[in-house]
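Peer 1: Mind having a look at this structure? Questions to follow.
The values are calculated or read from the model by the stated rules, or taken from the named source; none is laboratory data. Owing to the predicted nature of the structure, the values given are computational and were not obtained by experimental measurement. Every residue, glycine as well, gets a Cβ built from its backbone with ideal geometry; the counts of neighbours run over all protein chains shown. Surface accessibility is based on the protein's heavy atoms, side chains included, excluding ligands, DNA and RNA. Shrake-Rupley method; radii C 1.70, N 1.55, O 1.52, S 1.80 Å.
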Amino acid sequence: MNHDAYSDTYIKGILDEVKTVAMVGASANSVRPSYFVLKYLLSKGYVVWPINPGQAGKEILGQKVYASLDDLPAVPDMIDIFRNSDAVGQVVEQVLASERLPKVIWMQLSVRNEDAASRAEDAGIKVVMNRCPKIEYGRLSGEIGWAGVNSKTLSSKRPSLKSGFQHRGLSESKDG
């Protein structure tokens, strides 16, 4: 797979399919990107399990923090990695050794590890590198356009935003 360019269909398919997310490197610090991505994903209806050994047993945004992927109550659909590129190899190795395979391994902005991506894909896991699910969700749902950001998605129709927060609002509307 070309990890320099993902189709909107590929990203949208992942965001629509995923229900549970393990966030490796979640932070309790409200100014850290992992904190506001966790908050955003929760607001969209995803179940998010923060992984942070230093915060294990505590809560971040009301979610119990786990020390490792092995401690989770179930296999997550997606593992969102907020660690540096070198640490990704260890995370993927842990996942593959456990045989508790997620559907997706997602590496955050500026995080890339081609070798780890290849090993995950060989095991049947979809991989996204150097992207943020919060940004991609906002771009594909039309939310990001409301903030004045060019989403590179042209439409003459306003996005249909429900009152409050959307929940996986990426599906096509009935009226086209």
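Peer 1: Taking Cα pairs under 8 Å and at least six residues apart, what relative contact order does region 12-157 come out at, in percent?
Peer 2: The value is 19 percent.
Peer 1: A further question on this structure: Please turn the phi angles of region 30-43 into ³J(HN,Hα) values with the Karplus equation 6.51 cos²θ - 1.76 cosθ + 1.60 (θ = phi - 60°), one per residue in order, whole Hz, x for glycine and proline.
Peer 2: In residue order, the calculated couplings are 5, 9, 7, x, 4, 5, 6, 5, 4, 4, 5, 4, 4, 5 Hz.
Peer 1: Let me ask something else. Between A97 and V31, how many nm apart are label points set 7 Å from Cα along the C-beta direction?
Peer 2: 3.6 nm
Peer 1: How high is the relative contact order of region 66-148, given as a whole-number percent (alpha carbon pairs under 8 Å, six or more residues apart)?
Peer 2: Worked out over region 66-148, it gives 27 percent.
Peer 1: Report, in listed order, any pair from K39/K126; K12/K64; K12/K58; K39/K64 with a Cα-Cα distance greater than 22 Å.
Peer 2: As for pairs spanning more than 22 Å Cα to Cα, those are K39/K126; K12/K64; K12/K58.
Peer 1: With the calculation restricted to Cα positions, what are the radius of gyration and Dmax of region 1-91 in angstrom?
Peer 2: Gyration radius and largest Cα-Cα distance of region 1-91: 13.4, 39 Å.
Peer 1: If the only charges are +1 at each Lys and Arg Cβ and -1 at each Asp and Glu Cβ, what is the size of the charge dipole of region 15-63 around the Cα centre, to the nearest 20 debye?
Peer 2: 140 debye
Peer 1: Ranked highest first by the average count of other Cβ atoms within 10 Å around their residues, in what order do 43-54, 125-136 fall?
Peer 2: Ranked by mean Cβ neighbours within 10 Å, highest first: 125-136, 43-54.
Peer 1: Ok, one more. Amide H to amide H, which residues 5 or more places from V48 or on other chains are under 5 Å from it, using H placed in the peptide plane?
Peer 2: For V48, the qualifying residues are V21.
Peer 1: Let me ask you something else. Between S110 and M1, what is the label-to-label distance in nm when each label sits 7 Å out along the Cα-to-Cβ direction?
Peer 2: So the two model labels end up 2.4 nm from each other.
Peer 1: If you roll a 1.4 Å probe over region 1-118 with all protein chains in place, what percent of the accessible area is carbon or sulfur?
Peer 2: That share works out to 49 percent.
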